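What follows is a set of notes on a single structure, which appears directly below.
The values are calculated or read from the model by the stated rules, or taken from the named source; none is laboratory data. Everything quoted here is computed from the prediction, not taken from an experiment. Heads up, the Cβs are rebuilt from the backbone with ideal geometry, glycines too, and the neighbour counts pull from every protein chain shown.
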Amino acid sequence: MSLNSQRLHPHQSTVMPPAPAPRHYERLLQRCADLPPARTAVVYPCSIAALEASLEAAHLGLIEPLMIGPRATLLRLADEGGLSLSGVEIEDASDDASAAAKAVSLVKQGRAALMMKGSLHTDQLMHAISASGTGLRTGQRLSHVFAMDVPTYHKPLFITDAAINIAPTLSDKRDICQNAIDMVRALGIARPKVAILSAIETLNEKIPSTLDAAALCMMARRGQIRDGMLDGPLAFDNAISAEAARIKGIQSDIAGDPDILLVPDLVCGNMLAKQLIFLANAGAAGIVLGATVPIVLTSRADSAHARVGSCAIAVLLAQHAASFEGRAPQ
């Protein structure tokens, strides 16, 4: 199965043409071309789609998979899907919880530089990652970023947080914002533009997200958020469209050109990302930040493009971290 192959999404109408290969993900792959594959703990890939995605990433030279799950099940699924696990190391784990725990242990032992979610539930994986004393937490807050490839937008678009932090406080949003800025900088954008979303672009005490947006902008001015340009509150239309902002009389260096959309909460972010995926044929790679290693977090409904794009981003992040620390990536 090639990255350039076209596959109808399982929930996509048969009258809708398949989405074109995401252009931004192809550029990510080009940037990874000269990098060595990253040893990746693939956690409980107990579906043909999960196996196929990790093997495709390996075929493209992005990762060296270390699969963690019930060996007999993995071999059976590979046979059913016409896939080869020849040469792939498998760590036997009887169920999803033990696979997640074993993956965390292998990362802590230095046997993997990345982690990739297979077919287990996100909560199960995050429980093992965030466990006090035994997980992979750092001083940073764990947060999620969708790296969107939207056909109607002129550059990659990053949405945060739409998968982990349900109702983030102002302090949480500061960390979520900084995580996203640091990630986008690692991908080559020196000073990312952050649009802080709400329903309106003016302050209203009845809409707390407008007050949070203003506070975050002040935090950036005072150095509590670094290396990014922030503006908000901005409604989605005047964040994305410079013309919409002009009509409303909004003067902003961010309007029409954000790199990052910081959403009010998980519900808003999740709905926004999925609307772009299913109505605008967008690709959506998913990465968890704030752990000791980048974590590829994809949905069971994600396309091969999205899964491979997620791996490419994780590899670039691991390479950036290794370069910063002055060591070679594993």
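Does Ala306 count as under 11 Å from the mean Cα position of the chain (by Cα), within 16 Å of Met116 (Cβ to Cβ), modelled with pLDDT under 90 and among the hydrophobic types (A, V, I, L, M, F, W, C)?
On the way: under 11 Å from the mean Cα position of the chain (by Cα): yes; within 16 Å of Met116 (Cβ to Cβ): yes; modelled with pLDDT under 90: yes; among the hydrophobic types (A, V, I, L, M, F, W, C): yes.
So Ala306 passes the test.
Scan the range 220-258 for residues that are without any contact (Cβ under 8 Å) to a residue 24 or more places away in the chain and under 19 Å from Asp149 (Cα atoms) and jot them down.
Matches in the range 220-258: Asp237, Ser241, Gly256.
Kindly evaluate Thr73 against the criterion of being in contact with a helix residue (DSSP H, G or I) (Cβ under 9 Å, 6 or more places away or on another chain) and either in a loop (DSSP other than H, G, I, E, B) or surrounded by fewer than 20 Cβ atoms within 10 Å (Cβ to Cβ) (or both). Give the steps one after another, and end with the answer.
Numbers: in contact with a helix residue (DSSP H, G or I) (Cβ under 9 Å, 6 or more places away or on another chain): no; either in a loop (DSSP other than H, G, I, E, B) or surrounded by fewer than 20 Cβ atoms within 10 Å (Cβ to Cβ) (or both): yes.
No: the conditions fail for Thr73.
One line per residue, one yes/no per condition, for (1) of a type in the set (Gly, Ala, Ser); (2) in contact with a strand residue (DSSP E or B) (Cβ under 8 Å, 6 or more places away or on another chain); (3) more than 27 Å from Phe278 (Cα to Cα):
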{"position": "Ile90", "(1), (2), (3)": "no, yes, yes"}
{"position": "Lys117", "(1), (2), (3)": "no, yes, no"}
{"position": "Thr122", "(1), (2), (3)": "no, no, no"}
{"position": "Tyr153", "(1), (2), (3)": "no, no, no"}
{"position": "Asp182", "(1), (2), (3)": "no, yes, yes"}
{"position": "Arg185", "(1), (2), (3)": "no, no, yes"}
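Checking the structure you have, find out if any residue of the range 120-143 is in contact with a Lys or Arg (Cβ under 6 Å, 6 or more places away or on another chain) and over 22 Å from Ala321 (Cβ atoms).
No.
Counting only residues that are within 19 Å of the chain's Cα centre (by Cα) and within 18 Å of Gly118 (Cα to Cα), which one in the range 28-46 is surrounded by the most Cβ atoms within 10 Å (Cβ to Cβ)?
Looking at residues that are within 19 Å of the chain's Cα centre (by Cα) and within 18 Å of Gly118 (Cα to Cα), I get Val43.
In the range 203-233, what residues are buried (at least 18 other Cβ atoms within 10 Å of the Cβ), closer than 20 Å to Ile166 by Cα and more than 24 Å from the chain's Cα centre (by Cα)?
Correct list: Thr210 only.
What about Glu52, is it in contact with a Gly (Cβ under 7 Å, 6 or more places away or on another chain), in a helix (DSSP H, G or I), among the charged types (D, E, K, R) and touching a residue at least 24 places away in the same chain (Cβ under 8 Å)? Steps first, answer last, please.
Details: in contact with a Gly (Cβ under 7 Å, 6 or more places away or on another chain): yes; in a helix (DSSP H, G or I): yes; among the charged types (D, E, K, R): yes; touching a residue at least 24 places away in the same chain (Cβ under 8 Å): yes.
It is true that Glu52 is in contact with a Gly (Cβ under 7 Å, 6 or more places away or on another chain), in a helix (DSSP H, G or I), among the charged types (D, E, K, R) and touching a residue at least 24 places away in the same chain (Cβ under 8 Å).
Restricting attention to the range 120-144, which residues are in contact with a helix residue (DSSP H, G or I) (Cβ under 8 Å, 6 or more places away or on another chain), more than 18 Å from Gly110 (Cβ to Cβ) and modelled with pLDDT of 90 or more? First the steps, then the outcome.
The first filter runs over the range 120-144 and keeps only residues in contact with a helix residue (DSSP H, G or I) (Cβ under 8 Å, 6 or more places away or on another chain), leaving 120-121, 124-125, 127-129, 131, 134-137, 140-143.
Okay, now just the ones that are also more than 18 Å from Gly110 (Cβ to Cβ), so 120-121, 124-125, 127, 131, 140-143.
Hits for the range 120-144 are Leu120, His121, Gln124, Leu125, His127, Arg141, Leu142, Ser143.
Which pairs have Cβ atoms under 7 Å, sit 6 or more apart or on different chains, and link a residue in the range 259-278 that is buried (at least 24 other Cβ atoms within 10 Å of the Cβ) to one that is of a type in the set (Lys, Arg) and assigned to a helix (DSSP H, G or I)?
Pairs found: Leu262/Lys173.
Can we say Ala244 is hydrophobic (A, V, I, L, M, F, W, C), closer than 30 Å to Val296 by Cβ and either at pLDDT below 95 or touching an Asp or Glu at 6+ places or on another chain (Cβ under 6 Å) (or both)? Show your work before the answer.
Details: hydrophobic (A, V, I, L, M, F, W, C): yes; closer than 30 Å to Val296 by Cβ: no; either at pLDDT below 95 or touching an Asp or Glu at 6+ places or on another chain (Cβ under 6 Å) (or both): yes.
Taking the combined requirement at face value, the residue does not satisfy it.
Pick from Glu80, Glu89: which is of a type outside the set (A, V, I, L, M, F, W, C) and either closer than 12 Å to Ala41 by Cβ or touching a helix residue (DSSP H, G or I) at 6+ places or on another chain (Cβ under 6 Å) (or both)? Show your work before the answer.
On the way: Glu80 fails: either closer than 12 Å to Ala41 by Cβ or touching a helix residue (DSSP H, G or I) at 6+ places or on another chain (Cβ under 6 Å) (or both).
Residue meeting the stated conditions: Glu89.
Given the options Glu64, Glu52, name the one that is out of contact with any strand residue (DSSP E or B) (no Cβ under 7 Å at 6 or more places or on another chain), surrounded by 15 or more Cβ atoms within 10 Å (Cβ to Cβ), under 30 Å from Asn179 (Cα atoms) and not basic (Lys, Arg). It would help to see each step written out before you state the result.
On the way: Glu64 fails: out of contact with any strand residue (DSSP E or B) (no Cβ under 7 Å at 6 or more places or on another chain).
None of the others qualify; the one that does is Glu52.
Based on what the data block shows, is Gly256 among the small types (Gly, Ala, Ser), at pLDDT below 95, over 12 Å from the mean Cα position of the chain (by Cα) and on the phi > 0 side of the Ramachandran plot? Spell out how you get there, then give the answer.
Numbers: among the small types (Gly, Ala, Ser): yes; at pLDDT below 95: no; over 12 Å from the mean Cα position of the chain (by Cα): yes; on the phi > 0 side of the Ramachandran plot: yes.
No.
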